[in-house]
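Quick notes on the structure that follows.
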Amino acid sequence: MVSWSRVAIWESNAHPKMYQFCKKTIIDECRDQGKPVVVATQMLESMIESPTPTRAEASDVATAIYDGADAIMLSAESAAGKYPEESVIMQQRIINRVEGDRHYKLFLESKVKESEHQGPTDAIILAARNIATSIQAKAVVCFTLRGTTVLRASKGRPGVPILAITPFKETARQLSLSWGVYPELPKAGSYGYLVDEEELFDYDSPVLEEASDDFDMVLRNACRAALRKGLVSSPDDLLVVTAGLPFGTPGAANVIRVIPAAGPSCWDGVCRVD
């Protein structure tokens with residue numbers, strides 16, 4: 001976590017006007033290491049008493065997003081201020097505006113090119129990102145044990161949500177801080193649900209295929225999770241799935257598969273019936 005106020009005070013005393021460079025250096029190092037970074041405290045301080053921020057404060061929030069922060073955090077503005085709801089809405093408006101800017105996207109693409117790339121897992125993540133962009137997938141689905149693969153995916157800012165499916169509660173909680181990540185904790189087994197679970201698709205005419213093997217069942221559960229998170233709305237929506245086989249191998253990512261939200265046995269509205 002980068003404390004905006006403390007960095008500003010320390011750097012202003014030691015090197016006037018240099019705190020912006022210090023903040024950028026910390027954020028860049030965190031991103032290079034694949035660690036989530038949160039910029040916090042006094043982001044919109046004037047909104048403790050005022051319903052609108054100053055121009056400098058709005059610029060500081062936007063700069064933190066342009067710099068590559070995973071999250072920005074309010075403190076007294078929402079905890080003790082007169083306008084907590086307005087503070088959150090204002091921050092969200094700034095985030096949405098920045099992330100829709102073409103300059104932001106060009107900057108992220110340049111950072112990805114600079115870091116190409118270190119191993120098989122990184123290659124799989126980069127390929128998944130490119131595939132998701134090419135086919136306009138609704139999300140990238142990552143199966144992960146300790147979050148390593150998901151952090152690498154988040155680092156590259158794929159432009160679509162990342163659905164992180166993990167069997168560990170602590171991993172799910174930690175990943176919720178990372179950019180674009182929607183953690184999902186399976187209810188039974190390591191990555192799967194009970195085969196007879198009733199919480200399936202919410203479509204008008206769902207097709208519920210029987211899993212032909214364990215991997216099919218895991219993929220089907222990924223589709224259910226994407227639906228529950230609101231990441232898909234049609235059976236034809238596409239998902240890019242990355243996984244490491246055999247399951248349970250930490251840090252492994254050696255499989256990419258494109259599946260529709262209807263399930264791994266369906267394609268172009270036609271479902272296989274065995």
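The values are calculated or read from the model by the stated rules, or taken from the named source; none is laboratory data. Everything quoted here is computed from the prediction, not taken from an experiment. Virtual Cβ from ideal backbone geometry, glycine too; neighbours counted across all protein chains shown. Accessible surface areas use protein heavy atoms only, side chains included; no ligands, DNA or RNA. Shrake-Rupley method; radii C 1.70, N 1.55, O 1.52, S 1.80 Å.
Looking across the stretch 233-260, the residues that are among the hydrophobic types (A, V, I, L, M, F, W, C) and closer than 13 Å to Ile135 by Cβ come down to Leu238, Leu239, Val240, Val241, Ile256, Val258, Ile259.
Within the stretch 73-92, the residues that satisfy the criterion of being surrounded by fewer than 16 Cβ atoms within 10 Å (Cβ to Cβ) and over 19 Å from Arg157 (Cα atoms) are Ala76, Ala79, Ala80, Lys82, Glu85, Val88, Ile89. Could you pull out the residue among Ala243, Ala262, Ala252 that is surrounded by 23 or more Cβ atoms within 10 Å (Cβ to Cβ) and touching a Leu at 6+ places or on another chain (Cβ under 9 Å)? Within the list Ala243, Ala262, Ala252, the selection yields Ala243. In the stretch 235-256, the residues that are touching a residue at least 40 places away in the same chain (Cβ under 8 Å) reach residues that are of a type in the set (Lys, Arg) and assigned to a strand (DSSP E or B) with C-beta atoms within less than 9 angstrom, at least six apart or across chains, in these pairs: Leu239/Arg257; Val240/Arg257; Val241/Arg257; Thr242/Arg257; Ala243/Arg257.
Counting only residues that are in contact (Cβ under 8 Å) with a residue 60 or more places away in the chain and in a loop (DSSP other than H, G, I, E, B), which one in the stretch 123-147 is surrounded by the most Cβ atoms within 10 Å (Cβ to Cβ)?
This residue is Ala137.
Looking only at the stretch 221-240, residues that are among the polar types (S, T, N, Q) and surrounded by fewer than 14 Cβ atoms within 10 Å (Cβ to Cβ) come to 2 in all. Among the residues of the stretch 157-177, the ones that are part of a loop (DSSP other than H, G, I, E, B) and crowded, with 22+ Cβ neighbours inside 10 Å come to 3 in all.
Test Met43 against the criterion of being among the aliphatic types (A, V, I, L, M), buried (at least 16 other Cβ atoms within 10 Å of the Cβ) and in a loop (DSSP other than H, G, I, E, B), and give yes or no. The answer is yes for Met43. Selection of first residues in the stretch 52-72 that are open to solvent by less than 30 Å² (accessible area, probe 1.4 Å) and of second residues that are among the basic types (Lys, Arg), restricted to Cβ pairs under 6 Å at least 6 apart or on distinct chains, gives the following pairs, ordered by first then second residue: Asp67/Lys24; Gly68/Arg31. Would you say Leu106 is buried (at least 22 other Cβ atoms within 10 Å of the Cβ) and either outside any helix (DSSP H, G or I) or not charged (D, E, K, R) (or both)? For Leu106, the condition - buried (at least 22 other Cβ atoms within 10 Å of the Cβ) and either outside any helix (DSSP H, G or I) or not charged (D, E, K, R) (or both) - is not met.
Looking across the stretch 235-274, just one residue is within 21 Å of the chain's Cα centre (by Cα) and of a type in the set (Ser, Thr, Tyr), and that is Thr242. With respect to Ala62, is the statement that it is more than 29 Å from Gly34 (Cβ to Cβ) and part of a helix (DSSP H, G or I) true? Spelling it out, it is not the case that Ala62 is more than 29 Å from Gly34 (Cβ to Cβ) and part of a helix (DSSP H, G or I). Annotation note: of Asp274, Asp202, Asp196, the sole residue that is part of a loop (DSSP other than H, G, I, E, B), modelled with pLDDT under 90, in contact with a helix residue (DSSP H, G or I) (Cβ under 7 Å, 6 or more places away or on another chain) and open to solvent by 80 Å² or more (accessible area, probe 1.4 Å) is Asp202.
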